[in-house]
Amino acid sequence: MNMKDKKKDEPYIEFIAEAEEILEVITKNLLTMEESQDRLSPHPDIINAIFRGVHTLKGIAGMMGFNTITELSHTLESLLDSMRMGRLTLTSVVIKLLFESTDMLRKLVEKVSKDGNDNIDTSRLLSDIENLLKKKPEESAAHKLEELDLDANVLKVLTEYENHRLEENLRLGSNIFEITAGFSLETFDKDLNQINSMVSGFGEVITTLPSSGASPDIGIEFKLIIGTKEDLNYVTSVLSGTNVKIREIKYQRKNEKIKTGGEHEEAQASESPSSVKSLSMTVRVNISRLDRLLNIVGELVLNKAVITHISKNLRVIEGFSEWAIELEKAARTLDKKLNELQEGLMEVRMVPLNNLFDRLTRMARKLSRESGKIIDIRIFGEETELDRLMIEEIADPLMHIVRNSVDHGIETQEERIKSGKKEIGTIKLSAMQRGSHVVIEVEDDGSGINIKRVKDIAVEKGLIAPNSSLTEKDAIDLLFTPGFSTSKVVTEVSGRGVGLDVVRKNLIKLNGMVDVETKERVGTKFIITLPITLMILKALIVQVADDIFALPINSVSESLMITKRDIQTVEGREVVQLRDKTLPILRLEDAFGMKSKDVNPDSMYVVVVGSGSRKIGFVVDALLGQQEIVIKSLGKILSGIQGIAGATELGNRKTVLVLDVGALIEESVQEYKEEVKG
Amino acid sequence: MSKKILVVEDSSTMRSMIAAIIEEMGDFVVTEAGSGFEALKMLPTEKFDLIITDINMPDINGLEVVNFVKTHPNYKKIPLIIITTERSEEDRKKGIALGASEYITKPFKHDELQTVVRRIIG
């Protein structure tokens with residue numbers, strides 16, 4: 001293919017990529033509609049999203065001259081327009097037709113990508129849709145928008161659809177509010193999104209109107225018009241943390257609250273009882289409320305531990321043993337119920353990963369288009385659930401990894417053809433639950449990590465000595481070292497100054513792990529392991545010298561009993577043999593500068609923590625047992641201490657420190673590297 | 001100096017087609033914005049001679065872009081072209097009433113767009 005042909009093909013490839021993306025969005029929205037309780041009266045945003053997709057598809061197909069796609073999407077657009085404007089009621093027949101049409105559009109786009117034309121007979125589908133459109137439009141009561149106490153400018157900029165949504169909100173008796181807020185030019189999109197997501201919890205954003213505001217050089221003002229069933233007090237309280245002005249929009253003429261006539265309202269109610277019912281089936285709750293409940297449960301767990309402890313002590317006191325047994329029984333029942341309560345609350349906080357995966361897919365598609373690579377994004381296990389907060393926290397690290405795959409992993413088409421690979425690269429995003437962990441993998445079939453190149457760059461950046469030999473594992477470790485980036489040029493895609501070191505740090509903060517498997521010319525796989533939830537942990541309680549520590553059990557893989565003779569020294573570092581591998585060890589009393597007690601050289605314990613390439617053994621004096629703990633923060637002054645994640649109370653009301661396993665591994669690896677380098 | 005044109009359109013295919021059509025004309029530099037918000041952010045960074053905006057976009061609609069530009073002390077002199085469809089006659093009327101100089105209806109031919117652009121800032 002010469003340069004000229006390639007240039008000619010560009011809009012072609014872009015068209016197919018965007019069309020596929022649009023069809024995916026349409027399908028997703030159709031499925032959401034199909035699966036929801038109120039499938040025949042979906043949220044207006046769903047219909048509008050489908051409409052917008054079809055609308056865009058029609059536009060670009062029209063420009064490219066694909067007439068069948070243009071015609072079908074045009075007819076479909078009319079159907080969707082009638083639906084979103086309230087002229088056509090959604091029925092099962094309509095839903096079926098929407099699915100059929102989407103399938104047909106997909107076939108047409110496939111045909112374009114294979115044969116360069118869209119010649120498929122769609123006449124039956126077209127006439128089915130047209131028949132539906134012939135039905136008499138439903139009458140909807142007109143509302144006198146100009147009598148609303150609205151800024152005249154607002155009505156001038158409403159699109160037909162937004163006009164309709166305003167009328168529809170009035171018809172259903174919603175209250176209308178105008179929210180005004182000023183933002184800086186740099187951050188307004190983020191700030192506004194925050195307000196939008198707050199509003200969507202209780203209402204609908206009908207329009208967003210920007211204006212220059214009081215200081216046009218540095219700021220921007222927005223007016224949001226929203227519709228909601230809630231009243232002014234509620235809206236004010238929800239938005240109280242933000243700097244906005246809220247005004248209720250009413251009809252201007254007094255004593256003539258037109259809203260909806262009583263009769264009409266009744267008719268509406270009997271027409272669609274399903275929609276009224278479905279409203280009461282789900283509740284949206286602010287996550288902070290759940291946090292509060294969970295905290296209370298956490299404290300109850302501690303109280304239960306106190307009771308158990310008391311009952312143990314009572315048991316040995318003469319005359320109390322019977323009471324102690326009763327108390328223990330009660331504690332056990334309490335324990336069981338607390339577990340159920342905790343599990344229930346956890347379940348409420350869990351949301352599936354599909355949203356995040358969708359975001360990642362969209363981003364990957366966009367990036368691949370920008371970098372001119374063709375990439376097939378595959379998703380598996382998107383129904384896997386994870387704590388809501390956790391999902392937010394892993395979004396950025398995952399975006400970074402996917403970006404890396406697009407930018408550094410997948411080769412250009414020419415390179416792939418040259419090395420005998422499939423022309424189209426693949427990135428696989430998958431999630432699965434393993435016990436109390438969720439494993440998320442980002443796998444590409446790209447070039448893999450080039451160890452020689454990693455070494456060259458590390459030498460260049462002074463991270464290692466020129467003559468040091470690197471294993472694959474060392475190379476991977478280097479990728480996670482601050483200041484390392486293998487990209488020769490800073491690209492638009494991943495050159496944003498954040499390295500994998502930040503990714504690892506963020507995941508460690510969540511008690512997670514990240515591991516890499518790579519094979520040159522075959523591909524790279526990032527494996528992220530996260531606990532399903534952060535709040536209450538099972539911990540291993542260990543003793544080091546005179547102190548007691550808690551170790552989150554999800555980072556412990558096993559514990560060994562060794563004798564002093566089992567410890568060897570390799571390259572100035574203490575190791576023990578763990579099956580066929582050497583395991584570096586860390587003496588916790590050294591790490592925290594404690595005075596070591598005389599320990600029995602014939603029985604020392606090694607707790608193996610970490611996973612994959614980052615396993616290490618902590619040497620401790622005794623294992624005291626397992627217990628559920630609630631991690632509390634150390635407060636500002638102590639929060640900077642390296643290697644400590646927080647504190648917890650044990651049942652005997654003793655406060656112990658919880659070890660930050662990730663940070664301790666990190667620290668020990670770093671120290672070791674510096675020693676070797678020095 | 002080449003004149004600068006800001007193209008606001010959420011479909012990337014459409015956006016790059018418009019950019020290609022304009023760049024064909026030779027003496028224009030095109031900046032692309034993938035959404036209304038992006039456009040609002042770009043306005044203070046460069047002095048644009050013309051804005052071409054789609055109407056139907058996810059964050060703010062094209063009419064709001066027109067209204068913002070035409071009521072803003074720093075930008076009100078920038079002419080705008082709105083891209084509409086045959087379906088949205090109301091929106092087209094509103095756009096022109098808000099101060100857009102021209103409209104063009106999808107799908108359009110290369111020379112249609114070029115003629116309109118030239119008529120305004122040629």
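Among residues of the stretch A:382-404 being in contact with a Phe, Trp or Tyr (Cβ under 9 Å, 6 or more places away or on another chain) and at pLDDT below 90, the one that is surrounded by the fewest Cβ atoms within 10 Å (Cβ to Cβ) is A:GLU382. The set of residues in the stretch A:214-237 that are within 9 Å of another protein chain (Cβ to nearest Cβ) and either assigned to a strand (DSSP E or B) or under 19 Å from A:ASP45 (Cβ atoms) (or both) comprises A:ILE220, A:PHE222.
Every condition in (1) out of contact with any Pro (no Cβ under 9 Å at 6 or more places or on another chain); (2) in contact (Cβ under 8 Å) with a residue 24 or more places away in the chain is met by A:ILE417 except one, and the failing one is (2). Please tell me if B:THR53 is of a type in the set (S, T, N, Q) and touching a residue at least 24 places away in the same chain (Cβ under 8 Å). Spelling it out, B:THR53 is indeed of a type in the set (S, T, N, Q) and touching a residue at least 24 places away in the same chain (Cβ under 8 Å). So which of A:LEU170, A:LEU166, A:LEU145, A:LEU185 is within 25 Å of B:ILE83 (Cα to Cα) and not assigned by TED's automatic domain parsing to the domain that holds A:SER82? Exactly one residue qualifies, and that residue is A:LEU166.
On inspection, A:THR102 qualifies as out of contact with any Gly (no Cβ under 7 Å at 6 or more places or on another chain), part of a helix (DSSP H, G or I) and in the same structural domain as A:GLU14 (by TED's automatic domain parsing).
When restricted to residues that are assigned to a helix (DSSP H, G or I), crowded, with 23+ Cβ neighbours inside 10 Å and touching a residue at least 40 places away in the same chain (Cβ under 8 Å), the stretch A:55-69 contains 4. Filter the stretch A:143-164 down to the residues that are away from chain B (no Cβ under 12 Å), under 24 Å from B:ARG92 (Cβ atoms) and either assigned to a helix (DSSP H, G or I) or without any contact (Cβ under 8 Å) to a residue 40 or more places away in the chain (or both) and list them by number. Passing the criteria: A:LEU145, A:GLU146. Can you tell me how many residues within the stretch B:14-63 are in a loop (DSSP other than H, G, I, E, B) and under 13 Å from the mean Cα position of the chain (by Cα)? Residues that pass the stated criteria total 8.
Only one entry of B:VAL8, B:VAL116, B:VAL66 meets the criterion of being among the aliphatic types (A, V, I, L, M) and within 20 Å of A:GLU370 (Cβ to Cβ), and that entry is B:VAL8. In this structure, A:SER211 does satisfy being within 14 Å of chain B (Cβ to nearest Cβ), crowded, with 17+ Cβ neighbours inside 10 Å and modelled with pLDDT of 85 or more. Could you tell me how many of the residues in the stretch A:179-195 are within 14 Å of chain B (Cβ to nearest Cβ), surrounded by fewer than 18 Cβ atoms within 10 Å (Cβ to Cβ) and closer than 15 Å to A:ILE226 by Cα? Residues in the stretch A:179-195 being within 14 Å of chain B (Cβ to nearest Cβ), surrounded by fewer than 18 Cβ atoms within 10 Å (Cβ to Cβ) and closer than 15 Å to A:ILE226 by Cα: 2 in total.
Scanning the stretch A:330-366 for residues that are within 14 Å of another protein chain (Cβ to nearest Cβ) and either surrounded by fewer than 18 Cβ atoms within 10 Å (Cβ to Cβ) or closer than 13 Å to A:VAL301 by Cα (or both) gives A:ARG362, A:MET363, A:LYS366. Checked against (1) assigned to a loop (DSSP other than H, G, I, E, B); (2) surrounded by 15 or more Cβ atoms within 10 Å (Cβ to Cβ), A:ASN119 passes all but a single condition, namely (2). The residue list A:SER288, A:SER272, A:SER240 contains one member that is small (Gly, Ala, Ser) and modelled with pLDDT of 75 or more, which is A:SER240.
So for the stretch A:366-379 (the condition being at pLDDT 90 or above and under 19 Å from A:GLY523 (Cα atoms)), does at least one residue qualify? For the stretch A:366-379, residues at pLDDT 90 or above and under 19 Å from A:GLY523 (Cα atoms): absent. Count of the stretch A:329-361 residues, restricted to those that are within 26 Å of the chain's Cα centre (by Cα) and of a type in the set (Lys, Arg), is 2.
Hey, among A:LEU97, A:LEU105, A:LEU72, which residue is more than 14 Å from chain B (Cβ to nearest Cβ), surrounded by fewer than 20 Cβ atoms within 10 Å (Cβ to Cβ) and hydrophobic (A, V, I, L, M, F, W, C)?
Working: A:LEU105 fails: surrounded by fewer than 20 Cβ atoms within 10 Å (Cβ to Cβ); A:LEU72 fails: surrounded by fewer than 20 Cβ atoms within 10 Å (Cβ to Cβ).
It is A:LEU97.
Every condition in (1) part of a strand (DSSP E or B); (2) touching a residue at least 60 places away in the same chain (Cβ under 8 Å) holds for A:THR426 except the one numbered (2).
Would you check if A:GLY173 is surrounded by fewer than 19 Cβ atoms within 10 Å (Cβ to Cβ) and either of a type in the set (Phe, Trp, Tyr) or within 10 Å of chain B (Cβ to nearest Cβ) (or both)? The answer is no for A:GLY173.
A single entry from B:ILE51, B:ILE60, B:ILE22, B:ILE82 fulfils the requirement of being crowded, with 21+ Cβ neighbours inside 10 Å, closer than 20 Å to A:GLU162 by Cβ and more than 10 Å from every other protein chain (Cβ to nearest Cβ): B:ILE82.
Restricting the search to the stretch A:15-40, which residues are in contact with a Leu (Cβ under 7 Å, 6 or more places away or on another chain), more than 10 Å from chain B (Cβ to nearest Cβ) and either among the small types (Gly, Ala, Ser) or crowded, with 22+ Cβ neighbours inside 10 Å (or both)? Selection gives nothing.
The values are calculated or read from the model by the stated rules, or taken from the named source; none is laboratory data. Predicted model only: the values in this text are computed from it and were never measured. Note: ideal-geometry Cβ built from the backbone for every residue, glycine included; neighbour counts use all protein chains shown.
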